[in-house]
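Single-structure report; data block below.
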Amino acid sequence: MKIKIQDIASLVNGKIFGDVNLEIKKLAKIEDAKPGDLTFLYLPHYEKFFSSTKASVILVKPDFNRSRNDITYIVTEAPEKAFFAVTRKYFTPNFPLEGIDPTAFVHPKTVIGKNVGIGKNVIISVGCKLGDNTKIFHNSVLFDNVELGDDCLIFSNVSIREECKLGNRIIIHDGTVIGSDGFGFNPDANGVYQKIPQIGNVIIEDDVELGSNVSVDRAAMGSTIIKRGTKIDNLVQVAHNVIIGEDTVISSQTGISGSTKIGSKCMVGGQVGIVGHIEIGDNVMLGAQSGISKSIPKPGLYFGYPAKEFKTAMKLEAHIRNLPNYAEKIKQLETEIKNLKEQINRKEIS
Amino acid sequence: MKIKIQDIASLVNGKIFGDVNLEIKKLAKIEDAKPGDLTFLYLPHYEKFFSSTKASVILVKPDFNRSRNDITYIVTEAPEKAFFAVTRKYFTPNFPLEGIDPTAFVHPKTVIGKNVGIGKNVIISVGCKLGDNTKIFHNSVLFDNVELGDDCLIFSNVSIREECKLGNRIIIHDGTVIGSDGFGFNPDANGVYQKIPQIGNVIIEDDVELGSNVSVDRAAMGSTIIKRGTKIDNLVQVAHNVIIGEDTVISSQTGISGSTKIGSKCMVGGQVGIVGHIEIGDNVMLGAQSGISKSIPKPGLYFGYPAKEFKTAMKLEAHIRNLPNYAEKIKQLETEIKNLKEQINRKEIS
Amino acid sequence: MKIKIQDIASLVNGKIFGDVNLEIKKLAKIEDAKPGDLTFLYLPHYEKFFSSTKASVILVKPDFNRSRNDITYIVTEAPEKAFFAVTRKYFTPNFPLEGIDPTAFVHPKTVIGKNVGIGKNVIISVGCKLGDNTKIFHNSVLFDNVELGDDCLIFSNVSIREECKLGNRIIIHDGTVIGSDGFGFNPDANGVYQKIPQIGNVIIEDDVELGSNVSVDRAAMGSTIIKRGTKIDNLVQVAHNVIIGEDTVISSQTGISGSTKIGSKCMVGGQVGIVGHIEIGDNVMLGAQSGISKSIPKPGLYFGYPAKEFKTAMKLEAHIRNLPNYAEKIKQLETEIKNLKEQINRKEIS
């Protein structure tokens, strides 16, 4: 593939300085780029690579010092966003998968849309519905009555359990499980746990993406819900009856306990743990590894274990680092007071 | 399905106030219930939904104020447990799977019980034994000489590696791996790691349930053991030679390092990390995200990183939150002592 | 299998005390050993089992008190390493898998080495290359253009996504995913996340081992790289564009965020979280559950959340445990100063 940089400049609303007739073939990071590549420069941290990059074309900010003559510049307000726009327009992978593979099983009582791709050894059980253009890759399993909308991309070895309902343009990476039983047990008089049947399901709305090896449990009753546009990273745990709002991002290895609600436009760092039955409001940011044991209604950045408002957490952390000084000062004060006492007592006696 | 509420009242030892001839069709949470549904009210937090719930029948405690006349009450000591009993009796899912699917592979040298269900593309390798009524869902793999008892439920994309022995009534959710190699390496003189073959297995006793995407490693030698009635949530790591007692519950994303023993009737929160080669006694509770670096022989609740007895941890956390005050006081004391000194010295001179 | 203990003594450079003509059949831990077994004793903690072990032969250190006459000793400098050497030489499992199973799919446009084993329902997509003696177990999937070197062992239900390149003697346990998309999204003006296509791949060098249910994401551009000899435990997250050096070990449930570089010969504990875009140098050890938010160029042991040098972390932890005393002392000092003041004032007045 060859792309005219004039087309790129027009896509990103940029201005070319250099050879306007160039075409690029590939994209590359500034440090890896080869002749024929387009790259971008955005963070000051990466400017050190500018003098040696072999890229043919580079996206830069308006105030960038265009000191090299052997490279062509496309000047644009936000080079990073511009680069992503080029990536999306010209380099979005295609993931070819056409028709229903003869090794797949599709139950006769299913509704299959147009232009669907079903890979090898895929199981589509009774009562399932698949929208148009949806692709399900090899060795994935849909249990009874699962529904998937249009334009979904389900990768390999994915399990979607009975009754779960998924919207349009959903992407699920390999090894992820949707709809396994919630962790619900009730101890009898002897402390032996009796299983509470988990009779709800999972609802995933449009434009959600789930990483690899994610676990989303079905509700005990009702639905576990992940709302439109939310993105969830690898190895995340979403327990039964959790509700996650729209346009929220949740990083890898975070765990959300049962019946907790997360708002919209939240950003949750990696390895965060959130207890059950609480509510996190909209626009809340939770720092990596934080432990959230109480509801957080107010937008803002929270951090720590147990989590506090970010400024408070940072102040306390500074105090903790200062503890050896405090301990030393307490000792000094003790000595000084002892000395003062003696001084006074001497005076009294004298 | 229609269930007479007289049958329900008699199951939960409850008394009906209202229309004794009602039948219910479904179960629902109080805020979601529709006409024809049975619900329950237990936690004060949910009382706000009572005035508006559309449930036909509600399980309540004896002291509940039955202020509505358009709903039928079943009064019982523990409405939550009563509701679970109804769920178990009438709504336990069936998971139909009959016979051996023609796409499954069952090695001729296996012993297969009565009334077994083996799904599509399942692999049952040489030397395996399956008890009666056990079901193994699609795309799961049993390696050589795996044994499963009666009434087990193995969901999809599960891997059970060679020589692992599992008891009766075991449930394993999708994507879980039993018997992968323990993490055992020995550095040579150059710091290059040589693999220590992991030649043990995993033993899982009766009535254990494992969530989705769990990893249970085989022992280096001997057995990794999970004892009767223990329940393990999604994405948990159980390392080689770990032994977990009976009736213990372990929440999601917790990790137990090699050769550690966990007692019976323990409750382990989510994202807890437990180092190797230690012993946790019976009836120990570990708060979420705790880091356990030493043996805990005594029952009780522990919390923190590193973990402490709960009261101690809470006290220290209060002190940490108080650090800005302590720092301020130390400063004040310094000033006061300085003033006192000056005062005394002035006197001495005078 | 019977193994002459003279062969064992010669393998481990040991000296036999007892019956030099013995043969052993199996290996066992000291507390589990039966007649005919070889065991070892190394840690003082396990000496309590010596008097009762039923092992026929025991590997011990030169200074060990050989008080029993009914057991044969092999005396060697490092009994543990000797035992591992015996395990490797005589007990390395074979994992038989021969030829290409008829239920596997191997695209005609692939290059398959000699003596390859491909299990049931395995998918080898277009453009893949497999080296000699490589085995891929049941229900695993290789997407387009994946390359695997010689002598690799890929267990069941593994997914290796398009374009990923793996070296020789690589072991990947069940349920692991290589090459799922990195977590890359760019919010538009409305805060709706647009996917950044992840067009890089994953490169895994020789002698790497990955546990079960691991997630290694493909690079946004370029490659996520795991270098020679590195070993990664179960449920670990390796994000896009991470580079991990040689001979590094990473324990279970650790997460490494995007574009971070880990050095060679590092040891990373379990449940460690490492933020993105930082560099960890060679020979760095990170304690379990640590949170790493800054680059660590210097070798050493680091611990805590946020992580500090180990000695600092331990010192601060001791201060934290001492906080109730500090608080008490501050109170005492306040009282004493108050008393001193009164004493002085009385004197002044008098």
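The values are calculated or read from the model by the stated rules, or taken from the named source; none is laboratory data. What you are looking at is a predicted structure, and each value in this text was computed from that prediction instead of being measured. Glycine gets a Cβ as well: all are built from the backbone with ideal geometry, and neighbour counts include every protein chain shown. These area figures cover heavy atoms from the full protein model, side chains too; ligands, DNA and RNA do not enter into them. Shrake-Rupley method; radii C 1.70, N 1.55, O 1.52, S 1.80 Å.
Rolling a 1.4 angstrom probe over the protein heavy atoms with all chains in place gives the range A:215-302 an accessible area of 28 Å² per residue. These residues, B:ARG169, A:ARG161, A:ARG68, go from largest to smallest accessible area, 1.4 Å probe, as B:ARG169, A:ARG68, A:ARG161.
Pick from B:GLY179, B:GLY14, B:GLY276 the residue whose mean-square fluctuation is largest in a GNM of chain B, springs joining Cα atoms under 10 Å. Checking each option, the largest mean-square fluctuation is seen for B:GLY14.
Charge tally for A:ASP19 (other residues, Cβ to Cβ under 12 Å; Lys, Arg +1; Asp, Glu -1): -1. Toward the positive end of the charge dipole of the range A:81-144, with +1 on the Cβ of Lys and Arg and -1 on the Cβ of Asp and Glu, the farthest Cα among A:GLY131, A:ILE118, A:HIS107 is that of A:GLY131. Across identical copies of the chain, A:LYS61 has label-point separations of 6.1, 6.1 nm, listed in ascending order, with the point defined 7 angstrom from Cα along Cα→Cβ. Across the accessible surface of chain C, with the other protein chains kept in place and a 1.4 Å probe, carbon and sulfur atoms take up 51 percent.
For the pair the range B:14-41 / the range B:145-162, the C-alpha centres are spaced 38 Å from each other. Legend: distances between Cα atoms for A:LYS4/A:LYS81; B:LYS15/B:LYS89; A:LYS165/A:LYS227; B:LYS109/C:LYS26; A:LYS315/C:LYS331; A:LYS25/A:LYS54; pairs beyond 21 Å are B:LYS109/C:LYS26; A:LYS315/C:LYS331. What is the protein assembly as shown by shape, rounded, prolate or oblate, if you read a ≥ b ≥ c off the alpha carbon gyration tensor as root eigenvalues and call it rounded for a/c under 1.5, prolate for a/b larger than b/c, and oblate otherwise? Note, shape of the protein assembly as shown comes out rounded.
Here the 3J(HN,Hα) profile of the range A:100-106, calculated from phi with Karplus coefficients 6.51, -1.76 and 1.60 at θ = phi - 60°, is 9, 4, x, 7, 6, 10, 10 Hz, Gly and Pro shown as x. Each Lys or Arg adds one and each Asp or Glu subtracts one; over the other residues with Cβ under 15 Å from the Cβ of C:GLY270, this totals -1. Accessible area per residue (1.4 Å probe, heavy atoms of protein chains only) ranks C:ILE136, A:ILE16 as A:ILE16, C:ILE136, with the largest value leading.
Residues of the range C:153-168 whose accessible area (probe 1.4 Å, heavy atoms of protein chains only) drops by at least 10 Å² once all protein chains are present, relative to their chain alone: C:PHE155, C:SER156, C:ASN157, C:SER159, C:ARG161, C:GLU162. When the accessible areas of A alone and B alone are added and the area of the pair subtracted, with a 1.4 Å probe, the result is around 5400 Å², both sides summed.
For B:LYS2, a cut-off of 18 angstrom between C-alpha atoms picks up these aspartates and glutamates, skipping any fewer than 8 places away in its own chain: B:ASP19, B:GLU23, B:ASP37.
For the residues of A:197-209, the average number of beta carbons from a partner chain within 10 Å of their own beta carbon is 2. Indicate the gyration tensor shape class of chain A (rounded, prolate or oblate), computed on the Cα atoms with a ≥ b ≥ c the square roots of the eigenvalues: a/c under 1.5 is rounded; otherwise a/b larger than b/c is prolate and the rest oblate. Taking the square roots of the gyration eigenvalues as a ≥ b ≥ c, chain A is oblate. Here's the picture: charge each Lys and Arg Cβ at +1 and each Asp and Glu Cβ at -1 in the range C:287-343, and of C:GLN289, C:ILE320, C:GLN343 the one pushed furthest to the positive end of that dipole is C:GLN289. Look at the stretch B:186-192: the mean tally of other chain Cβ atoms within 10 Å of its residues' Cβ atoms is 4.
Here the label points at C:LYS2 and B:LEU301, each 7 Å from Cα along the C-beta direction, are separated by 6.1 nm in the simple model. Using Cβ point charges alone (K and R +1, D and E -1), the dipole size of the range B:130-256 about the Cα centre works out to roughly 260 debye. The distance from the alpha carbon centre of the range B:309-339 to that of the range A:208-231 is 44 Å, rounded to a whole number. Can you list which of the GluC sites (Glu not before Pro) found in the range B:88-191 are DSSP loop residues with at most 12 other C-beta atoms within 10 Å? Sites meeting the loop and neighbour criteria: B:GLU98. Note on C:ASP19 and A:THR335: their simple-model spin labels are 7.1 nm apart, each label 7 Å out from Cα toward Cβ. Report the residue, chosen from A:ASP150, A:ASP247, A:ASP70, that carries the largest GNM mean-square fluctuation when chain A is represented by alpha-carbon nodes joined by springs under 10 Å. Answer for the Gaussian network model of chain A: A:ASP70.
This model, with +1 at the C-beta of Lys and Arg and -1 at the C-beta of Asp and Glu, gives the protein assembly as shown a dipole about its Cα centre of some 2260 debye. Determine the sum of side-chain charges near B:LYS308: Lys and Arg each +1, Asp and Glu each -1, restricted to other residues whose C-beta is under 15 angstrom from that of B:LYS308. Net local charge, B:LYS308 excluded: +2. Remark: mean inter-chain Cβ contacts per residue of B:313-319 equal 3, using a 10 Å Cβ-Cβ cutoff to other protein chain atoms.
Which aspartates and glutamates have a Cα lying under 18 Å from the Cα of C:LYS120, excluding residues fewer than 8 positions away in the same chain? Partners within reach: A:ASP101, B:ASP101, B:ASP144, B:GLU162, C:GLU98, C:ASP101, C:ASP174.
Taking the Cα centre of the range B:215-350 as reference, the dipole from Cβ charges on Lys and Arg (+1) and Asp and Glu (-1) amounts to some 240 debye.
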